[in-house]
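The values are calculated or read from the model by the stated rules, or taken from the named source; none is laboratory data. The shown structure was predicted, so the numbers you read here are calculated from the model rather than taken from an experiment. No Cβ is skipped: glycine too gets one built from the backbone with ideal geometry, and neighbour counts run over all protein chains shown. Note: areas computed on protein heavy atoms with side chains; ligands, DNA, RNA excluded. Shrake-Rupley method; radii C 1.70, N 1.55, O 1.52, S 1.80 Å.
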Amino acid sequence: MIAPAERPVILVSACLVGCRARYDDTIIEAVDERLVRWVAAGLVLPFCPETAGGLTVPRSPAEIAGGAGQTVLTGNARVYTRAGRDVTTAFVDGARLALDACRHFKLHLAVLKDGSPSCGTTRIYDGRFRGCQVAGQGVTAALLATHGVAVYSEDSLATLKVPV
Ligand code: SF4
């Protein structure tokens with residue numbers, strides 16, 4: 001039996017480890033076996049930037065219009081719901097809280113749900129609510145990466161060196 005870790009070493013999108021955090025209140029059932037092991041070993045800090053930023057479950061889907069996470073952070077793009085509500089502040093607040101959590105626990109690694117306007121590490125939706133994805137990072141992924149946290153998607157877990 002592995003002794004629980006003294007502190008987490010990976011921030012993980014909460015929805016990837018079975019938490020109810022997604023906009024549509026669904027649970028991702030096919031949780032990766034490696035993530036299950038890391039959670040059991042106490043290595044994971046589950047975190048949802050959008051709910052941390054004050055959004056509810058469920059909530060309206062949102063997409064970044066006119067850019068990606070980095071352009072939102074520089075004030076040159078905004079995040080809108082399908083109905084046109086500007087939720088940029090909640091997204092930026094959530095990203096900052098994720099960075100605070102990484103700093104507090106000295107985390108240098110994050111596994112984030114790809115495709116999300118917050119957590120996407122390689123792709124996001126194109127801002128037109130038509131189901132098209134483009135290359136780019138979400139707001140939280142971009143902020144963490146800018147501050148030295150290595151961000152990985154759930155599809156690249158095999159490349160991670162985690163000690164269990
Ligand atoms: S992808 Fe990120 S923001 Fe969206 S539900 Fe999962 S943890 Fe929350």
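Residues in region 10-27 that are more than 8 Å from the ligand (Cβ to nearest atom) and either polar (S, T, N, Q) or within 18 Å of LEU157 (Cβ to Cβ) (or both): ILE10, LEU11, VAL12, VAL17, GLY18, THR26. Pairs linking a residue in region 80-95 that is part of a strand (DSSP E or B) to a residue that is of a type in the set (Ser, Thr, Tyr) and open to solvent by 60 Å² or more (accessible area, probe 1.4 Å), with Cβ atoms under 8 Å and 6 or more positions apart or on different chains, are THR81/SER60; ASP86/TYR80. Of everything in region 130-162 that is in a loop (DSSP other than H, G, I, E, B) and touching a residue at least 40 places away in the same chain (Cβ under 8 Å), the residue that is nearest to ARG96 (Cα to Cα) is HIS147.
Scanning region 16-48 for residues that are under 20 Å from HIS108 (Cα atoms) and either in contact with a Cys (Cβ under 7 Å, 6 or more places away or on another chain) or open to solvent by 40 Å² or more (accessible area, probe 1.4 Å) (or both) returns ARG34, VAL36, ARG37, VAL39, ALA40, PRO46, CYS48. Mind checking which residues of region 144-164 are within 14 Å of the ligand (Cβ to nearest atom), open to solvent by 20 Å² or more (accessible area, probe 1.4 Å) and either out of contact with any Asp or Glu (no Cβ under 9 Å at 6 or more places or on another chain) or within 19 Å of THR74 (Cα to Cα) (or both)? Scanning region 144-164 gives VAL151, TYR152.
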